[in-house]
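Colleague: One structure, pasted below without further comment.
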Amino acid sequence: MNSTASRALSLAFAGLAATTALVSGIAAPAGAATTAEGAHQSCWVNVDTGETRCFDAALDPLQQIESDTGLPVVAVPTGAAARNAAAPAAPAASAAPAASYILAVVYDGLSYSGASNTYFTSSAGICSGLSYGYASLGAWNDRIQSVDSYNGCTTTLYWDANYGGAAYGPVGSSTNVGNMRSNASSLRIG
């Protein structure tokens, strides 16, 4: 190997090491995986309190929320009519017992696969006149590849932070968010 090629290779490895050190030193915001193995973890976010918890991505996020909160989970898919036909309706707000109502789940893989970030509320009103926004996705920035919305909610992904740039949605569900795949920096659920 000549000296120019050797120097270029050394610089490439130095740059990779510096990038790795920088990325591992970034603090993850609420709702994001908070360990060095973040890509292997799924998380949930309680939109009412801002509380978040991460767990092994191999575990079912809805079962994990129920286990962590002690409340039953209500997750009626908003997506395609065929999916809704088989799902029970969400309880009316006035008659609803205490529960965790799923708003949306975003995934870092196509077709609802890979690690996930699940947003939920304890408000039975769910998305009736309410909107939930995340102006910055933190560790989920440029990571979302598919999205599933629940309980009558829809999700909109934005290319830039603060709901800027191109938008994808609102959608009930999408196995592949197209050009927004691995490019979303903010989202709204409503």
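Colleague: Residue pairs, Cβ under 6 Å, 6 or more apart or interchain, first in region 109-127 and part of a loop (DSSP other than H, G, I, E, B), second open to solvent by 10 Å² or more (accessible area, probe 1.4 Å) and of a type in the set (Gly, Ala, Ser). List them.
Modeller: Every condition considered, the pairs that remain are Ala124/Ala93; Ala124/Ala96; Gly125/Ala93; Cys127/Gly152; Cys127/Gly190.
Colleague: What number goes with the only condition from (1) modelled with pLDDT under 50; (2) under 17 Å from Ile144 (Cα atoms) that Gly25 does not pass?
Modeller: (2)
Colleague: Scan Ser128, Ser111 and give me the residue that is out of contact with any helix residue (DSSP H, G or I) (no Cβ under 8 Å at 6 or more places or on another chain), of a type in the set (Ser, Thr, Tyr) and either surrounded by fewer than 19 Cβ atoms within 10 Å (Cβ to Cβ) or at pLDDT below 95 (or both).
Modeller: Going through Ser128, Ser111 in turn, the sole match is Ser111.
Colleague: Moving to a separate point now. Which one of Asp160, Asp148 is acidic (Asp, Glu), at pLDDT 95 or above and under 16 Å from Ala104 (Cβ atoms)?
Modeller: Asp148
Colleague: Another question, then. Take region 146-170 and flag every residue that is part of a strand (DSSP E or B) and more than 13 Å from Leu103 (Cβ to Cβ).
Modeller: Hits for region 146-170 are Ser146, Leu157, Tyr158, Trp159, Asp160, Gly164, Gly165, Ala166, Ala167, Tyr168, Gly169.
The values are calculated or read from the model by the stated rules, or taken from the named source; none is laboratory data. Predicted model, so just to flag it, every value in this text is computed and none were measured. So basically every Cβ, Gly included, is an ideal-geometry build from the backbone, and we count neighbours across all protein chains shown. The area values use the complete protein model at the heavy-atom level, side chains included, leaving out ligands, DNA and RNA. Shrake-Rupley method; radii C 1.70, N 1.55, O 1.52, S 1.80 Å.
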